[in-house]
Amino acid sequence: MENQVFINRNRRFFSSVWKRLLLILAVFGPATITAMADNDAGGVATYSIAGAKLGYPILFLLPIITLLLGITQEMGMRLTVITRRGLADLIRERYGVRASMFMFGALLFANIGTLITELSAVKTTSTMFGVPPIPAVIVIVVIAFVLITRGNYKITQSIMLLACGFFLVYIFSAIKAKPDWSLALSNLAYPHGVVFTQTYIKDYLIIGMGVLGTTITPWGQFFISSFAYDKKIEKGQVALSQLETYWGAFLTDFFSFFMIVATAATLFANHIILDSGERAALAIAPFAGKIASQLFAVGILNAGFMGLVIVSLSTAYAFAEFFGLSGSLDDTFKESKTFYILYIAQLLIATLFVILSNVSLFQIALVTQIINAVALPLVFYYLISLTSDHDLMGSYVNNAFQRNFAVISSIAIVIASIFTVVAVTAGL
């Protein structure tokens with residue numbers, strides 16, 4: 001009798017655990033993929049440059065950026081789950097066609113630049129593995145094309161989650177670099193360990209804006225909203241969706257930490273000048289070993305592919321919402337023709353630019369991230385306004401901390417952007 005009671009209790013326990021797991025899996029995906037896609041090829045380049053030029057002190061920004069990323073993406077997720085509308089759709093309805101056209105134009109311009117950076121990563125890094133760059137670019141674009149046009153939401157989400165696992169290579173690269181872990185971890189609390197000259201402070205401000213811009217992106221705010229809508233998450237699952245956004249934010253900068261540490265421990269410590277992500281993979285080899293270098297390169301290729309798919313989708317999703325068109329990964333080409341055509345067009349434009357250009361396109365990565373950071377306050381304005389609207393959100397409006405933190409951060413970003421422009425133009 002006692003054995004049967006024990007068995008029944010175990011069954012109820014495992015049944016409860018299984019049900020909770022199914023609930024989590026039902027909402028898991030959009031926030032994690034969006035956050036991890038922020039660590040795209042341009043992101044890797046920016047983090048690499050930050051670690052190589054500034055060393056460990058740049059790590060001080062990561063906790064602040066992580067919190068801001070979690071709060072703002074939670075807003076976007078909550079907005080969509082509660083209203084069953086995407087961010088772009090609500091901007092069009094509440095602020096009009098002009099606002100929609102301006103926002104989409106800015107998003108398209110920035111996203112094309114980001115896509116060029118993604119394919120540039122593939123072009124330059126593939127040579128490390130003896131693969132001709134042009135065929136490598138074409139193959140990766142064809143894969144991205146087939147994935148979206150021949151797949152569906154479930155397949156796309158599964159492959160993107162699998163791609164997230166490849167970011168583990170940066171942990172191994174950082175360990176191989178044999179960093180000063182104590183100095184790295186303490187810089188998360190306050191920046192120290194270097195001489196803060198006027199030139200260093202200027203570089204810290206400019207590159208810091210790049211780090212912010214590559215982690216918290218305008219396209220990311222639109223994508224998480226659209227991707228969550230496409231997943232059809234129910235209102236009763238909002239709490240689990242909110243939890244995932246903070247998990248995704250943590251995971252993003254967890255891996256960013258190791259990217260910065262790997263280059264700070266090797267390149268900054270040995271005064272090696274770095275201006276691109278692919279050079280980081282090559283440059284750390286003498287200090288961390290060939291395996292660490294190759295793992296870093298694998299991470300760049302994976303980040304380039306992931307960014308290529310997600311950023312292209314974010315533009316297509318936003319266009320469909322801004323202008324009231326259909327756009328879903330579960331729709332056929334005929335049902336969402338404009339959505340798929342725009343996705344394909346972006347791939348073609350970026351591919352032609354990368355193939356025909358002789359410039360090391362990784363050089364535009366930092367500039368692209370800074371542009372994203374400058375554009376963020378406007379996106380935040382719409383996001384905060386919509387999620388603070390009682391008529392729209394009901395009891396799910398922003399609490400005081402969420403609203404105030406996002407507003408203060410937006411003001412800080414504007415001020416930092418102004419100082420960055422002044423620093424660059426004045427040549428301080």
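Rule-based calculations on the coordinates, nothing more; no lab input. As the structure is a prediction and not an experimental result, all values here were calculated from the model. Cβ coordinates were reconstructed from backbone atoms using ideal geometry, including for glycine residues, and neighbour counts include every protein chain displayed.
Some points to look at:
- Percent of Cα pairs exceeding the 23 Å cut-off, where the set is the stretch 75-203: 65
- Links that overshoot a 26 Å alpha carbon limit, given the list 154/235; 154/176; 232/334; 154/334: 154/176
- FRET efficiency for residue 192 and residue 407, using Cβ-Cβ distance with R0 set to 30 Å, rounded to 0.05: 0.50
- Calculated on the Cα set of the stretch 27-426, radius of gyration then Dmax: 19.9, 60 Å.
- For the pair residue 152 and residue 98, label points projected 7 Å from Cα toward Cβ lie 4.3 nm apart.
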